[in-house]
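Just below is one structure, and these are the notes that go with it.
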Amino acid sequence: MTVLIIAACLALLAVITVQIGRLTELAAKIRGEEEVQLQTNRRSASFGMVFMVLFLVGCVVSAIYYSNYMLGYGPHTSASAHGLKLDWLFNITLFFTGIVFILTQIALFWFAYKYQGTKDGQASFISHDNTLEVIWTAIPAVVMTFLVVSGLDVWNEVMADMPMEAKAVLVPEKDTNEYLEIEATGYQFAWDIRYPGADGKIGKKDFRLIKPGVNSLGQDWTDEKNLDDFMPTEIYLPVGTPVRVRITAKDVLHNFYLPHFRVKMDAIPGIPTYFVFTPEVTTEEYRARLKDTPEYNTPDPDTPEKMLWETFEYELACAELCGKSHFSMRRIVKIVSEAEYRKWLGEQTSTYKSTIRGTDEDPFLGQVLPYEVRERRADFNTKVESALAADVDSLKIVRLDYVNFETGSARLTANSKYELTNVIDFLKKYPAAEIELAGHTDNVGSLDLNESLSEQRAASVYEYLLRQGKVNPERLTAVGYGPRRPVETNDTPEGRAQNRRTEFQITKQ
């Protein structure tokens, strides 16, 4: 054992001797390379100063060169009322941080140059400097206080909700306490945009009612506020009108981003958020801005026959990385005059009317809804005015499209009564008017039965008008024509349905 220990010690001593020799050789090499290292230090410090100058000049030049493409500068001043305050706050912040950025870059490279490694260089030790500590504490504190207070002031103003007394309407009047409220629901990978109908109110929804392709938002059709809501493919907003956007999501986190209006708010599943803004520049006015800017008087790569300013559109984007097709969530936003907005509204159809009404999803199947009564009344009044203005007797006929009877009888259905109310109102409005009530049938069945049925139905309408409208009976006559006056062929089911009708002719006005 002793021999082994002695052998191990000798081996360890040999290793130590070899390592000492190697360290000696390395030290000699290092002493010979000191001059090379000094030259490297001087070169690196000089290149650093050159880089600093080029870098800072490049920052300033590139900012000026690309200013007309950046939000907040050139033609891209804010298109919303609150956006100017955000741009002001951004510029103030940029001013102070820009100064700090330039000074710190100069200090960084100057210190690397001035205190580069030298042969006899030795660092100075400064343990404490009250003046320096006061300066680098007080100045940032004052600047930060100013920025924070300014930021809170702008935040409180920009993020304020509509006042309690404000009223949501579809077409807000200028200089009133009215506003437009819409809803934006993000999902992979699109936006569902919902507008209220004439009532100005957005209906309830429940995620448990969602049916892809039928009810994408889960709207509760028993809530009558939903019946006139509509979902357009583009967003139209009237200029100068406060807009409140309800923001939510169906799956993952999204972000409702309108860059030109300085609107940016997360869309969070289960936690509705909102943003209120007032667009102040129409799409056409913004294009006019760009038209006067040289950068936008070049052909659009996607539409070479047009300039960039001509193809400009406001856009809604998702500013959250929500998945691989995140880019496809872009939607067009158009800011238009009130007249254009009203015209666009007239072209929209509610989701309920276009996809739900009359289907198995319709909770009001078989009922006549208030909006239908209003629409049909307007249609009736139009037909009456046309008949009154006609010079030919055959054109003084008004068809009562919504007066119906139980099958094979002269008993009026409950849904017929509102149409007869329109007739009563017409007779009251024109007290000198006299009308002939006419019943018609198709040619199916015996002629005598059809004649009798048409007479009975005309008489049923006659009696209803006398009873409910207290109309002078001398102003009314009732006639049954059976199948003798068809308006369509009786050879098809559609034609026969048109021939089974009730109408009146104005005989005196």
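Below is a table of values for the structure above.
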quantity: Residues of segment 472-509 classified as under 52 Å from the mean Cα position of the chain (by Cα) and either within 16 Å of Y430 (Cβ to Cβ) or among the charged types (D, E, K, R) (or both), total; calculated: 11
quantity: In segment 115-124, residue farthest from V53 (Cα to Cα) [restricted to those that are surrounded by 10 or more Cβ atoms within 10 Å (Cβ to Cβ) and touching a residue at least 40 places away in the same chain (Cβ under 8 Å)]; calculated: T118
quantity: Test: residue in segment 426-445 that is surrounded by fewer than 19 Cβ atoms within 10 Å (Cβ to Cβ), of a type in the set (A, V, I, L, M), in contact with a strand residue (DSSP E or B) (Cβ under 9 Å, 6 or more places away or on another chain) and under 30 Å from D491 (Cα atoms); calculated: no
quantity: Yes/no for L152 being surrounded by fewer than 17 Cβ atoms within 10 Å (Cβ to Cβ) and either in contact with a Phe, Trp or Tyr (Cβ under 9 Å, 6 or more places away or on another chain) or part of a strand (DSSP E or B) (or both); calculated: no
quantity: Candidate set from segment 369-386 (those that are crowded, with 17+ Cβ neighbours inside 10 Å and touching a residue at least 24 places away in the same chain (Cβ under 8 Å)); member that is nearest to T421 (Cα to Cα); calculated: F380
quantity: Residues of segment 487-509 satisfying the condition of being within 26 Å of A389 (Cβ to Cβ) and either in contact with a Leu (Cβ under 9 Å, 6 or more places away or on another chain) or outside any strand (DSSP E or B) (or both); calculated: V487, E488, Q498, R501, T502, E503, F504, Q505, I506, Q509
quantity: In segment 471-495, the residues that are out of contact with any Pro (no Cβ under 9 Å at 6 or more places or on another chain), of a type in the set (D, E, K, R) and either in contact (Cβ under 8 Å) with a residue 40 or more places away in the chain or surrounded by 13 or more Cβ atoms within 10 Å (Cβ to Cβ) (or both); calculated: E474, R484, R485, E488
quantity: Q468 being on the phi < 0 side of the Ramachandran plot, part of a strand (DSSP E or B) and either among the acidic types (D, E) or surrounded by fewer than 19 Cβ atoms within 10 Å (Cβ to Cβ) (or both); calculated: no
quantity: Failed item in (1) modelled with pLDDT under 85; (2) assigned by TED's automatic domain parsing to the domain that holds H82; (3) not aromatic (F, W, Y), with A123 passing the rest; calculated: (2)
quantity: Within segment 337-437, helices (runs of 4 or more DSSP H) holding 1 or more residues that are among the small types (G, A, S); calculated: 338-346, 370-389
quantity: Selected residue (only one of V252, V239 is within 15 Å of V333 (Cβ to Cβ), in contact (Cβ under 8 Å) with a residue 12 or more places away in the chain and not charged (D, E, K, R)); calculated: V239
quantity: Check on E165, in contact with an Asp or Glu (Cβ under 9 Å, 6 or more places away or on another chain) and either surrounded by fewer than 19 Cβ atoms within 10 Å (Cβ to Cβ) or outside any loop (DSSP other than H, G, I, E, B) (or both); calculated: no
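The values are calculated or read from the model by the stated rules, or taken from the named source; none is laboratory data. Bear in mind the structure is a predicted one, so any value in this text is a computation, not a measurement. So basically every Cβ, Gly included, is an ideal-geometry build from the backbone, and we count neighbours across all protein chains shown.
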